[in-house]
Every structure is written in structure tokens, then in C-alpha cells.
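The next block holds one structure in the form of C-alpha cells; read it before the comments.
The values are calculated or read from the model by the stated rules, or taken from the named source; none is laboratory data. Computed from a predicted structure; not experimentally measured. Cβ placement follows ideal geometry from the backbone for every residue including glycine, while neighbour counts extend to all protein chains displayed.
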Ligand SMILES: C[S@@+](CC[C@H](N)C(=O)[O-])C[C@H]1O[C@@H](n2cnc3c(N)ncnc32)[C@H](O)[C@@H]1O
């Protein structure tokens, strides 16, 4: 199989509303380990989010509100909330995901300092919500071109601070390493099939920069990762 071009026709099993609910819930819960291993949010927190949160707190502006769009089972919030707590930062974490199955898994995780809403970026924007920062993980590659444009624009409208969208970078090496490395974590989940399909759907750095346009800078925060960085305009 060639990974030279994005495969936008392939669909992930978890995007099927009729997929096995137990396997889906197990997949969402196990993202906590997988994202910890591959998604590089420790470095993104250190380089992008923490400096902003520290500056806000020094200005005495009270608890920060950070939004995770497409929060899935809440694993990225769990990780970031732990890092911020260790740094003595006062943050309210809000996860938003329109999929009720993801919302149920995230809510059940009972993450201190976090709350989850079963809603999407467009609804939050229409409500006039404004956060101190907005982020997402593994959402961009799921979206069709028109959905990507709307999602990116919503995210900029939802904050006056940094916007950070992390995702996989497509490459044959990522595909080969994931195919082998996911083996012990895959049983009972969609992790193997969906992870490989995700890589086929994902962008290379320059493709994502072109898809998002001039308001965005696309970085490589770690091997096999892309990070779209924007500045909100709320
Ligand atoms: C693969 S999951 C990522 C879950 C989680 N961020 C993680 O990394 O484990 C992508 C999620 O994005 C959500 N999503 C898609 N469009 C969205 C939008 N406009 N606003 C908020 N969430 C959205 C989907 O419902 C889906 O649960």
C-alpha cells in the first residue's frame, strides 16, 4: 500500500455509529496509554500551553479555562490536568465531544478539575463561549475538507489565546512501527485497525499547512506528529 497520498476514502470503525459499543468504550479507555506513548502532549504542554497558563496566573486572572475539542474518552485532559496540577496551575478543563458514547466514557473517568459536554465546536461558538486556550488531539484527520475548515475556524473563534491541534503525521515508518507496537494493546479494541486507518488518513506537515491556510503554523513536535498552532481571535 502506498502512503504517498492521503486516503480520504478509508473510514475508521469507531466513526460507525453502529460499531460494537464495548469495543469502542475499551478503545477510548485505552487511548490513555496509546496517547501517552505517541501523542507528545507533554512537550506541547511544556512549550506552548504552560507558558501561557503561567503568564495568566502571574497576572492574577483567576482559574484558566482550557477547552479540548473532540475530547473522546478524556485522556488528553487527564494527562494535561495532571501536569498543570504538578505545576501549581489553577485550570478548569472542559472537554467537548458530540458523540454520546465518547461523552459517557469521559464522564465516567471522573477527572479532577474537568467537566465534559456532549456538544461540538459550532454549538459552543454559537453559544458565545470563550476559553483561555483550545486544543484537540487526533480530530483533524477524521474531518472532510469542509468540516476541517469549519472546525479550525470555530477553534480560533473560541479563544483569545493559543490554539493547538495535535495529530499523527503520515509516513511509512509510522505505519510500520504502529503495526508492530500496537500488538500488545490491541486485543478487545479497534486500536489496530483504526490506528492504521488513521495513519492512512493523516496529513504530512506541508499538506496540513496547505489545508489550514495562512492563519496557522504547522510544527513537528515529535517524530510522527504534526501540531497546528494558531492564535485565537475571540
Ligand atoms: C478519534 S476521536 C479523538 C479522541 C481524543 N481526542 C483522543 O485523542 O483520544 C475524534 C473525536 O472528534 C469528535 N469531533 C468531530 N468533530 C467535532 C467537532 N466539530 N467538535 C467537537 N468534537 C468533534 C468526534 O466525535 C470524535 O469523538
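Quick rundown of the values:
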quantity: Test for residue 159: is it more than 23 Å from residue 97 (Cβ to Cβ) and either more than 11 Å from the ligand (Cβ to nearest atom) or surrounded by fewer than 21 Cβ atoms within 10 Å (Cβ to Cβ) (or both); calculated: no
quantity: In segment 37-51, the residues that are assigned to a helix (DSSP H, G or I) and within 14 Å of the ligand (Cβ to nearest atom); calculated: 37, 38, 41, 44
quantity: Subset tally (residues that are more than 8 Å from the ligand (Cβ to nearest atom) and on the phi < 0 side of the Ramachandran plot) for segment 52-100; calculated: 33
quantity: Unique residue being within 14 Å of the ligand (Cβ to nearest atom), within 24 Å of residue 42 (Cα to Cα), at pLDDT 95 or above and touching a helix residue (DSSP H, G or I) at 6+ places or on another chain (Cβ under 7 Å) when the list is 103, 165; calculated: 165
quantity: All positions within segment 115-127 that are more than 11 Å from residue 154 (Cα to Cα) and more than 10 Å from the ligand (Cβ to nearest atom); calculated: 115, 116, 127
quantity: Odd one out for residue 152, checked against (1) exposed (fewer than 15 other Cβ atoms within 10 Å of the Cβ); (2) within 22 Å of residue 47 (Cβ to Cβ); calculated: (1)
quantity: Test set (1) away from the ligand (no atom under 12 Å from the Cβ); (2) touching a strand residue (DSSP E or B) at 6+ places or on another chain (Cβ under 6 Å); (3) over 16 Å from residue 74 (Cα atoms) - residue 192 fails condition number; calculated: (2)
quantity: Selection count, segment 204-234, where residues are part of a helix (DSSP H, G or I) and touching a helix residue (DSSP H, G or I) at 6+ places or on another chain (Cβ under 9 Å); calculated: 3
quantity: Residue match in segment 70-86 (condition: surrounded by fewer than 19 Cβ atoms within 10 Å (Cβ to Cβ) and farther than 27 Å from residue 118 by Cα); calculated: yes
quantity: In segment 123-149, the residues that are surrounded by 16 or more Cβ atoms within 10 Å (Cβ to Cβ) and without any contact (Cβ under 8 Å) to a residue 40 or more places away in the chain; calculated: 125, 143
quantity: Count of segment 8-36 residues which are part of a helix (DSSP H, G or I) and within 12 Å of the ligand (Cβ to nearest atom); calculated: 14
